[in-house]
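What follows draws every value from the coordinates through simple rules; no lab data is involved. In this text, all values refer to a predicted model and were calculated from it rather than measured experimentally. FYI the Cβ positions are ideal-geometry reconstructions off the backbone, even for glycines, and counts take in every protein chain you see.
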Amino acid sequence: MNERVRVIGGGLAGCEAALQLASRGFRVDLYEMRPNKMTPAHRDGHLAQLVCSNSFKAMGKTSAHGLLKQELTMLGSFLLESAREAAVPAGDSLTVNRDLFSESVERKIADAPNITLHHEEVTSLEGDCPTLVAAGPLASDALTDDIFKRLGSERLHFFDAIAPVVETDSIDFDHAFYMNRWEKGETADFINCPLDKETYAEFVRKLTEAEGVEPRPYEKHELFEGCLPVEELARRGYETLRHGPMRPIGLGLGNNGHLWYAVIQLRAENKQKTLYNMVGFQTRLKWGTQKEIFTMVPALRNAKFARLGCMHRNTFIESPKFLDATLRLRPKLPCAQGIPPTWFAGQITGSEGYTEAVATGWYAAWNMASTILHGHADPLPDGSCIGALMNRLVEENEDFQPMNFNFGLLPHTEGLKMKKSNKKEFLANEAEQCVREWIATRKF
């Protein structure tokens with residue numbers, strides 16, 4: 001095949017899309033502007049760089065993220081393969097060494113003879129071949145301006161935050177212990193840092209009074225509910241953190257024979273376990289303030305931070321107005337005139353999460369290939385995880401906001417009554433069977 005396509009963006013969605021298109025015989029021009037032009041959140045020019053957490057979340061089939069990963073594995077995702085190659089122990093979650101993950105993806109890109117990587121900025125959707133835009137929420141100003149001028153739409157955005165990373169040898173293990181929640185997994189991979197009632201109360205007070213990076217607090221609608229800064233959670237009430245990222249449930253009993261009052265979990269950043277990140281502690285606090293507050297935790301009193309938390313702005317389009325069910329820019333819209341057939345993928349579509357980014361990259365590439373080769377798209381059924389997520393992204397919605405995949409998006413049998421755990425298992429089995437039947441009638 002001599003058909004050429006263009007993929008803009010070398011993040012999770014763009015790399016998955018490029019590899020999928022190449023595997024179907026297309027000549028792929030993959031554009032990534034870094035390192036020549038950096039973003040506020042990335043560290044360097046490596047492909048598929050994980051900016052926030054290093055976790056793709058749970059693996060179990062009865063968790064939403066686990067089910068989505070299982071579906072992507074069945075569909076032949078290249079990036080999930082890389083994630084497993086770069087995995088570090090983390091109980092029942094798929095957590096990776098960021099650098100090894102990027103290296104694995106880059107090897108796959110380099111080994112694909114029909115992918116040409118260009119470290120150049122793309123400033124316009126104009127071009128001479130079908131295009132897949134996976135420029136991410138941190139696309140360059142020039143490309144973002146071009147997209148929104150064409151769409152004639154207000155630029156939508158929210159603020160996302162990054163959690164601090166601690167050097168392992170600076171943790172005081174007289175006040176910390178290894179344990180996975182509910183002791184899941186073969187080895188104890190998480191470091192737990194307990195706080196007593198008095199320390200927790202002061203910790204929460206300091207967080208609620210702390211000064212952020214911005215002179216004024218961000219508007220609430222600009223923060224993504226699934227990744228709220230820890231100080232924002234603290235301001236929602238004294239108990240919020242104890243029922244969120246600091247919940248002690250499933251972590252055994254404290255020295256007094258009762259549940260710990262509150263616990264901060266640390267998750268390995270690399271296979272050597274020399275670095276750990278503070279789970280759920282994304283923050284926009286000033287760096288000096290972060291050190292002051294986080295070292296109140298007994299296990300972290302002498303902590304050395306390899307990286308402190310920060311915030312960055314994520315931009316996304318109003319997908320329900322502009323994209324069809326295959327993530328293609330609707331061809332009949334005025335904004336689609338004068339540019340090649342264009343698909344969107346990744347966080348710029350309003351999907352949120354690493355696995356979701358990979359899923360949209362796979363899905364847009366699959367439908368792009370089908371449209372070019374066969375003259376029509378080939379969407380996944382509504383009963384699949386990806387199909388359900390895509391429906392959520394493009395269905396009419398006057399207050400469109402980013403969302404992760406969750407069980408609530410799957411079709412539910414009317415009148416079905418059962419325990420929550422059984423219901424999840426039932427929905428997971430239904431989604432799995434739906435995808436297996438779809439795959440059985442196609443060539444992979």
Given the candidates Ala345, Ser82, Ala377, the one whose Cα lies deepest towards the positive end of the charge dipole of the chain, counting +1 at each Lys or Arg C-beta and -1 at each Asp or Glu C-beta, is Ser82
Computed about the Cα centre, the charge dipole of the chain from +1 Lys/Arg and -1 Asp/Glu charges at the Cβ has a magnitude in debye, to the nearest 20, of 480
Expressed as a whole-number percentage, the relative contact order of the chain with C-alpha contacts under 8 angstrom and at least six residues apart is 20
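In which sequence would Leu68, Leu195 go, from the one with the fewest C-beta neighbours within 10 Å to the one with the most?
Leu195, Leu68
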If unit charges are put on Cβ atoms (+1 for Lys and Arg, -1 for Asp and Glu) and the dipole of the chain is taken about its Cα centre, the option from His412, Cys310, Ala201 lying farthest towards the positive end turns out to be His412
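Output the antiparallel fraction of DSSP beta bridges having both residues in the chain, as a percent to the nearest 5.
Bridges in the chain that DSSP calls antiparallel: roughly 65 percent.
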Note on the range 36-96: contact order normalised by length, alpha-carbon pairs under 8 Å, 6 or more apart, percent, works out to 31
Inverse of <1/r> over all distinct C-alpha pairs of the range 161-312, i.e. the Kirkwood Rh in Å, gives 15.7
The chain, Kirkwood Rh and Cα Rg, ratio Rg/Rh at 0.97
Between Gln272 and Arg205, the two model label points (7 Å from Cα along the beta-carbon direction) sit apart by a distance in nm of 4.1
Once both label points are put 7 Å beyond Cα along the C-beta direction, the Tyr178-Glu154 separation in nm becomes 5.2
Residues of the range 23-67 with backbone N under 12 Å of the label point set 7 Å from the Cα of Met418 along Cα→Cβ are none
Binned at 10 Å from zero, the C-alpha pair distances of the range 65-113 give percents of 26, 51, 22, 1
At R0 = 30 Å the Cβ-Cβ FRET efficiency linking Asn391 and Lys443, nearest 0.05, sits at 0.75
Checked the range 300-444 against the a/c 1.5 cut and the a/b vs b/c comparison, axes a ≥ b ≥ c from its Cα gyration tensor; verdict oblate
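Counting helices only, and only those DSSP H runs with n ≥ 4, report the 222 nm mean residue ellipticity of the chain as the sum of -39,500 (n - 2.57) divided by its residues, in deg cm²/dmol to the nearest 500.
-9500 deg cm²/dmol
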Expected vector for the range 321-328, Karplus 3J(HN,Hα) from phi with 6.51, -1.76, 1.60 and θ = phi - 60°, integer Hz, x for Gly and Pro, equals 7, 10, 10, 8, 5, 9, 6, 8
Taking Ser23, Ser124, Ser102 and counting other beta carbon atoms within 10 angstrom, the fewest-first order is Ser124, Ser23, Ser102
Placing each pseudo-label 7 Å from Cα in the direction of the beta carbon, Glu167 and Thr123 end up separated by a distance in nanometres of 4.3
